[in-house]
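All remarks here apply to the structure that follows.
The values are calculated or read from the model by the stated rules, or taken from the named source; none is laboratory data. Note that this is a predicted model, so its numbers are computed, not measured. When we count neighbours, we look across all protein chains shown, and the Cβ atoms used for this are built from the backbone with ideal geometry, even at glycine.
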Amino acid sequence: MTPCQLCQGACCESIVFDESQLSEDHKTWLSLHGNKKFGMIEIETKCKKLDKCGKCSIYENRPEMCRVFSVGGNACLNTIKRRRKNWKEILKLIEQNK
């Protein structure tokens, strides 16, 4: 099993904004629609192209934003820790596959 199969698309379930990169107006609007945590605002918005198993159904043609979100990168690891109860198991698998 690959790390992504075990994770089942945590990176595709929400959008996260770094508050330090936002204007005050954007922070206010986003915080009214999302959850503030650790200097970030997270908005729940599952990708419509994620299948029942958490697999991307358009993987070969996914947008650039998805392609730059690398497995094992900081954004990936932080998302897994935030969204998955079995995060330690997933991180261990990522480390083994490096």
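Can you tell me which residues in segment 36-73 are assigned to a strand (DSSP E or B) and of a type in the set (Lys, Arg)? Quick ask: steps written out before the conclusion?
At the first step, the residues of segment 36-73 found to be assigned to a strand (DSSP E or B) are 36-37, 40-44, 50, 56.
Once the filter is applied, which keeps residues that are assigned to a strand (DSSP E or B) and of a type in the set (Lys, Arg), segment 36-73 yields 36, 37.
Could you tell me how many of the residues in segment 65-98 are acidic (Asp, Glu) and touching a residue at least 40 places away in the same chain (Cβ under 8 Å)?
At the first step, the residues of segment 65-98 found to be acidic (Asp, Glu) are 89, 95.
Pick out the ones that are also touching a residue at least 40 places away in the same chain (Cβ under 8 Å) and you get 89.
So the count comes out to 1.
Yes/no matrix, rows are residues, columns are (1) among the charged types (D, E, K, R); (2) under 11 Å from the mean Cα position of the chain (by Cα):
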site	(1), (2)
5	no, no
9	no, yes
29	no, no
42	yes, yes
67	yes, no
70	no, yes
80	no, yes
94	no, no
98	yes, no
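Tell me which residues, restricted to segment 83-98, are over 16 Å from residue 5 (Cβ atoms) and modelled with pLDDT under 90.
Answer for segment 83-98, where residues must be over 16 Å from residue 5 (Cβ atoms) and modelled with pLDDT under 90: just 98.
Collect the residues in segment 74-88 that are in a helix (DSSP H, G or I) and loosely packed, with under 14 Cβ neighbours inside 10 Å, keeping them in residue-number order. So that I can check it myself, show each step before the final result.
Taking segment 74-88 first, the residues in a helix (DSSP H, G or I) are 74-83, 87-88.
Once the filter is applied, which keeps residues that are in a helix (DSSP H, G or I) and loosely packed, with under 14 Cβ neighbours inside 10 Å, segment 74-88 yields 74, 75, 81, 88.
Is one or more of the residues making up segment 34-47 of a type in the set (S, T, N, Q) and touching a residue at least 24 places away in the same chain (Cβ under 8 Å)?
Looking for residues that are of a type in the set (S, T, N, Q) and touching a residue at least 24 places away in the same chain (Cβ under 8 Å), one finds at least one in segment 34-47, hence yes.
Looking at 2, 28 in this structure, which one is loosely packed, with under 15 Cβ neighbours inside 10 Å, out of contact with any Pro (no Cβ under 7 Å at 6 or more places or on another chain), on the phi < 0 side of the Ramachandran plot and touching a residue at least 12 places away in the same chain (Cβ under 8 Å)? Give the derivation first.
On the way: 28 fails: touching a residue at least 12 places away in the same chain (Cβ under 8 Å).
After ruling out the rest, the residue left standing is 2.
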